[in-house]
Ligand SMILES: Nc1ncnc2c1ncn2[C@@H]1O[C@H](COP(=O)(O)OP(=O)(O)OP(=O)(O)O)[C@@H](O)[C@H]1O
Ligand SMILES: [Mg+2]
């Protein structure tokens, strides 16, 4: 059996395992907690409105839920999948830096935890630092595509063609309004790929093959994975050198983390020995709630030095930016969200090239 055939056989075994795994139901999308905020605009327009409304008001809620012992235990169990050093251990400024080029799968099977927001805005902030960045939209929802101002209706080719028809990746790369930032868009066709891929030869390695053809053109490739552990996510993990896991600072955010890390370990052990969970990013942190602090504390206690020091705050400007087709650093460059993703980009890359 050739090395490739062997890889394919092992890939199939993994996918069967994943398919049989119980995937928890995603929580409902977060509701805006700042009632005074302006509604999110629907249609993209040229000039975004200025920030006139304070992003947060100090209003601690009276009866707050706290983390149950079961949730705390599940985090501890998940942490067993990942060797870490204590959070307070000294870190160098380039703790998260790795040799270039880097391919980062932004993955978490939980829905609405900030995967797309992180892929788009971390990508944009890395591009601003001077890196050439490619965002690959691997989610049929196409949120990274529209969030970067690309209309999926006007496309000749998308990531679907790369995965299903072995189309050259370079035929699908679209520039964005930001210098150095490019996107491989997704359309709703991709929804069919999960099923259409099943009988395909080396179906877990389609994206990897596409990216390999691209060579070292991009210093950073960020793959925005869908909220599932199906074949698309396996393609993302098989193509990546690293996994970045966004965790929403909310009660249910910690559920299923163990399963995600086990699956990453499976792909690492069978398909992609280069793969490592390089960073956990805490997102949608609401400083007004004790729960957010507790979740952040639990994650830090268990995942130690894997957790980025910079936390993404919950801010309405971050949720408005995609409807204008702009990353936050373009939409509102001085907002807290823009600042957070800029700092994260420095932390993850180790600084400008
Ligand atoms: N830091 C934040 N503050 C406020 N809103 C946010 C923040 N991050 C993300 N959001 C909003 O929360 C929602 C979910 O975020 P996002 O789409 O990034 O999550 P996701 O994990 O990619 O979701 P899915 O699993 O559906 O792909 C979006 O409406 C987004 O605009
Ligand atoms: Mg998404």
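Tell me, please, whether a residue that is away from ligand 1 (no atom under 16 Å from the Cβ), touching a residue at least 12 places away in the same chain (Cβ under 8 Å) and part of a helix (DSSP H, G or I) can be found in segment 81-99. There is no residue in segment 81-99 that is away from ligand 1 (no atom under 16 Å from the Cβ), touching a residue at least 12 places away in the same chain (Cβ under 8 Å) and part of a helix (DSSP H, G or I). All conditions but one from (1) within 16 Å of ligand 1 (Cβ to nearest atom); (2) buried (at least 21 other Cβ atoms within 10 Å of the Cβ) apply to residue 188; the one that does not is (2).
In the set (1) modelled with pLDDT of 95 or more; (2) assigned to a helix (DSSP H, G or I); (3) within 16 Å of ligand 2 (Cβ to nearest atom), residue 183 fails one condition alone, (2).
Checked against (1) within 16 Å of ligand 2 (Cβ to nearest atom); (2) in contact with a helix residue (DSSP H, G or I) (Cβ under 9 Å, 6 or more places away or on another chain), residue 111 passes all but condition (2). Being in contact with a strand residue (DSSP E or B) (Cβ under 7 Å, 6 or more places away or on another chain) and away from ligand 2 (no atom under 16 Å from the Cβ) is a property that residue 169 has.
Confirm whether residue 343 is away from ligand 1 (no atom under 15 Å from the Cβ), closer than 26 Å to residue 93 by Cα, surrounded by fewer than 20 Cβ atoms within 10 Å (Cβ to Cβ) and at pLDDT 90 or above. Answer is no for this residue.
Scanning segment 321-336 for residues that are surrounded by 19 or more Cβ atoms within 10 Å (Cβ to Cβ) and within 19 Å of residue 182 (Cα to Cα) returns 321, 322, 324, 325, 326, 327, 328, 329, 330, 331. Residues in segment 119-153 that are surrounded by fewer than 24 Cβ atoms within 10 Å (Cβ to Cβ) and not in a loop (DSSP other than H, G, I, E, B): 128, 129, 143, 146, 152, 153. Could you please let me know if residue 311 is under 20 Å from residue 82 (Cβ atoms), in a loop (DSSP other than H, G, I, E, B), at pLDDT 90 or above and within 16 Å of ligand 1 (Cβ to nearest atom)? For residue 311, the condition - under 20 Å from residue 82 (Cβ atoms), in a loop (DSSP other than H, G, I, E, B), at pLDDT 90 or above and within 16 Å of ligand 1 (Cβ to nearest atom) - is met. Put simply, of 144, 125, 107 the only residue that is within 12 Å of ligand 1 (Cβ to nearest atom) and under 19 Å from residue 328 (Cβ atoms) is 144.
The values are calculated or read from the model by the stated rules, or taken from the named source; none is laboratory data. On a predicted model such as this, the values are computed, not experimentally measured, just so you know. Note: ideal-geometry Cβ built from the backbone for every residue, glycine included; neighbour counts use all protein chains shown.
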